[in-house]
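Data block below; observations after.
A short reminder: the numbers here are calculations on the coordinates, not readings from a lab. Note that the structure is predicted; figures quoted are calculated from it, not measured. Neighbour counts are summed over all protein chains in view; Cβ atoms, including those assigned to glycine, are modelled from backbone coordinates with ideal geometry.
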């Protein structure tokens, strides 16, 4: 006799339980088999062994009570039910993402290395204004190319380029809207908290159901969802932290809201926004590795190969390649940030 | 600071202005008006803060009106009502014959852009813009082209003593120089009214004196209508044509500074003025005998009625037996005996029931 049977008896639900027990045709669990094998001598009930009245435990006492397996199953079914409708809406909306990613990958792969590397170095110089960094980046890229990792690194950069750019394009306006409305901020913060704490693998699960694994937008969305949080948060924070006195001065001189935003708030929030962009780029890099599970190209594929085939050398070297890319991206954006900060020193 | 021949017109009229901070100001306002609750009672019984209570001030064109009060007296709140950075709970602010509180957002922006400029205690300059760009903020906001406004800004930067600093950034300048930029910004907007919110409170005493002199010098030339907030009585007396003393959101006394010094109406003010250098504030016209009969007097010289007493004492080299003829321009207006002058300098004692007695 199950522990909680008496409760159902007391509640007079016996007939309901019995009506359900015939239908319970779920697979027998190992635990059931074990108790069957152990014989029928039920141990004397002890308060120390009282099981928690969980769904499974209650199911044992009353056949009509659903097992916890039913809960996960119904969520799955619910998701599958709305899946078609959802992807009907989401597919066209997210289609441009696939095009961007395919375009960027094509661009980075077809441009010959002797154009690509100088262009990248020129961008680094333009953003950081530091020759030392350019030399460092040149050494890193040439080394990666020398050990035949160039095309993988270029793919990773292409994906990060598109995803980080979209994060900024979407994240900064969201951050600004949050800074302007307390209500919007209250609504968004739990969503951002969730996006930030949800394990990276969990993003992939519903996305795999919604989109075809062969499409680039699948990993594009996963990367953007994962990496957009810091740029939103720091834009919101940066704009809220703008000196109240300066805002008051802007008001006193008759600025419109738009003028205030463009001439005062965004420039003064720029150090924070740039810190957010830096974080966003770093997070897209970490996600691009995980997203290789769902066909994201680049160095992550090699890491995955290292794990799958136990190719230790490939895994380690491509991991180091990712570190090198991370250092390059971080240093470049940090120096850009430092330049902005220097301009606003008080 | 010359005494105007005729009464100047009123530029801004503040009428029965109330400001109450709290969740339900309208309800608290009724309590203040009907039951006559003061600041502490209102806070205790209704949980609302009485910011301003029944303020009536006429700001005259071309004059410096100084609002003085200690921190928490509501002076910064008051000045922010004039350009509506803060909306009042009740009352009127009449500017050019209309209640500014009824102005639409559009009109209000026009007034703020073209007719009222403001100088802030903490300078409030844009750190990412150059000094010249900061100075021309008002013009930029109006949509005037960059070439045009930078020229205008340079002109005013020169005027406040910042020649050649146009290309610097605010953080490269000292506090005093930053506030000069703040003043240049207000002047470049070419507004007739300047609101100065504790503009000099963050500066060192010496630099503050410099800046006060600069303001008086500019004022002689430009004749702006200035509303100046300060917590420093010396500064108030030096700058004011009309002085308003605020305490706990209420006006204690408002008058010409001379009158306030000689006839303080409240123990609070008596305490305030008791350690002021009276000779520097009082002017000949306030202490002279209004007579043109000079017969039998040994006139030592002629003085202008606007001179302050310190100058006269220096002129007389401390000789108390001299008598001077007082003139307003070319007209004889009175006689000043040095004895009378000395008597006027006797300080008022700190009052028995004033704040010092406590």
Alpha carbon convex hull of region A:125-276, volume per residue in cubic angstrom: 151 Å³
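Stick to Cα atoms and the Kirkwood definition of Rh, then tell me Rg/Rh for region B:254-356.
On the way: Rg = 14.9 Å, Rh = 14.5 Å.
Rg divided by Rh gives 1.03.
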Projected area averaged over orientations for region B:110-194, convex hull of C-alpha atoms, nm²: 4.9 nm²
Using alpha carbons only: equivalent-ellipsoid semi-axes of region B:170-221, gyration tensor based, whole Å: 18, 14, 10
Average beta carbon contacts from partner chains per residue of B:126-136, 10 Å cutoff: 3
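Based on the Cα atoms of region B:35-134, what semi-axes does the equivalent ellipsoid have, where each is the square root of 5 times one gyration tensor eigenvalue, given in whole Å with the largest first?
Details: eigenvalues 161, 71, 41 Å².
Result for region B:35-134: semi-axes of 28, 19, 14 Å.
Please compute the average number of Cβ atoms from other chains found within 10 Å of each residue's Cβ in peptide A:257-266. Don't jump to the answer; show the numbers that get you there.
Working: counts 1, 0, 4, 1, 0, 0, 7, 4, 0, 0.
Mean shielding by partner chains, rounded to a whole number: 2.
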P(r) of chain B over all Cα-Cα pairs, binned every 10 Å from zero, in whole percent: 5, 21, 28, 24, 15, 6, 1, 0
Whole-angstrom Cα spans of the protein assembly as shown along principal axes, big to small: 136, 80, 44
Cα principal axis extents for region A:82-345, largest first, Å: 65, 54, 28
Euclidean distance between Cα centres, region B:100-168 to region A:200-237, Å: 45 Å
Mean-position separation - Cα centroids, region B:1-79 and region A:271-310, in angstrom: 61 Å
From the C-alpha gyration tensor of region A:204-346, square roots of 5λ in Å: 40, 19, 8
Most mobile of A:199, A:267, A:51 in a GNM of chain A (Cα contacts under 10 Å): A:51
Degrees, to the nearest 10: A:150-180 long Cα axis against longest axis of chain A: 80 degrees
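Give the Kirkwood hydrodynamic radius (Å, one decimal) of region B:200-295, defined as one over the mean of 1/r across all pairs of different Cα atoms. Numbers along the way, then the final one.
Details: mean 1/r = 0.0666 Å⁻¹.
Here the Kirkwood hydrodynamic radius works out to 15.0 Å.
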Candidates A:275, A:227, A:291: whichever shows maximal mean-square fluctuation once chain A is modelled as a Gaussian network with Cα springs under 10 Å: A:275
